[in-house]
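Report on the following structure.
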Amino acid sequence: MIIHTLIYRFADSVTEARREEFFAGLRDVALGSGLITRFGHGPHHRLPVDDHAKGTTANAIAQFACPDLATLRAFSELPHVHAFISRWRAEIEYEAAYANHEDVLGLSTTPATPEEGHRMHHTEHTVTVDAPADVVWAVLVDVEGYARIFPPTQEVVMLEESPEHQIARLTVDVNGEIQSWVSRRDIDAVRKVIAYRQLENAPMMGYMGGEWRALAIDDATTQLVLTHDFKPRDPVDGKVAGKFTYAEADEMIKAAVERNSVADLGAVKEQAEKHAAGGSAA
């Protein structure tokens, strides 16, 4: 197992929302490649000594895990990896250092039990919408309207909102059971990308995040993309949410993501095309 450790120092001008957007994109690139098996990131936790350190003090880190150096090299040479880095270098100011190394503590190579050690899943679904990107975007940012256009969504309550982010509590019918969670959505209106993640997870969920992307094909057509990165909650006494084995929860969540992605894309497509045709928003 090879670990690729990245140490970042973002300029003070880079907001937390932009950092999270950067790491969400990095996660998509890494896990979506099929070469990286694990990805994680987090903040640097400062100590008083940091104020007097002679070297550069980081404010965030990220780590990739992959089977061997050859796989890591193959990932590092992918054209879209270089495109991702180049784009972000042009948009935000940051310094980065990295090291490729064995898992010296043995954390990633500890043998997994049958119900532990499963990696994050990444999915991507897309649909073509016969509506301008601005119209599709207006549907995406109206999170409170999701209760109207997504049948499983019972209620959306906005908890916090700015032009760059939304935090909302969603109440949703999940396989006949009413569940609730809190999601944060970081909004990039220029690129028409919403990066979302659950701050308070659904009962079976260990992690859930991803992106909505509205990509203009031409003045009247949009490619709508929905990605998910997810894994079940770690089991307690062998059970997830007190009911299911890890494998059962994993299969249920994968099936729900597949089913809901198709339905959600279809709902946004239908609503946007109604708007574009001058129809009712109801």
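The values are calculated or read from the model by the stated rules, or taken from the named source; none is laboratory data. This one's a predicted model, so the numbers in the text were calculated from it and none came from an experiment. Neighbour counts run over all protein chains shown; Cβ positions are idealised from the backbone, glycine included.
Might you check whether a residue that is assigned by TED's automatic domain parsing to the domain that holds A74, surrounded by fewer than 16 Cβ atoms within 10 Å (Cβ to Cβ), at positive phi and not in a strand (DSSP E or B) occurs anywhere in segment 29-44? For segment 29-44, residues assigned by TED's automatic domain parsing to the domain that holds A74, surrounded by fewer than 16 Cβ atoms within 10 Å (Cβ to Cβ), at positive phi and not in a strand (DSSP E or B): present.
If you check A255, A249, A263 for being surrounded by 15 or more Cβ atoms within 10 Å (Cβ to Cβ), out of contact with any helix residue (DSSP H, G or I) (no Cβ under 9 Å at 6 or more places or on another chain) and either assigned by TED's automatic domain parsing to the domain that holds L31 or of a type in the set (A, V, I, L, M) (or both), only one passes: A249.
The residue that is farthest from the chain's Cα centre (by Cα), among those in segment 55-94 that are farther than 12 Å from I3 by Cα and β-branched (V, I, T), is T56. Among the residues making up segment 50-85, those that are part of a helix (DSSP H, G or I) and over 21 Å from N100 (Cβ atoms) are D50, D51, H52, A83. Of all residues in segment 121-149, which are among the charged types (D, E, K, R) and either buried (at least 20 other Cβ atoms within 10 Å of the Cβ) or farther than 24 Å from I167 by Cα (or both)? Passing the criteria: only D130.
Filtering V262, V190 for residues that are within 30 Å of R19 (Cα to Cα), of a type in the set (A, V, I, L, M), assigned to a loop (DSSP other than H, G, I, E, B) and over 17 Å from the mean Cα position of the chain (by Cα) leaves a single hit, V190.
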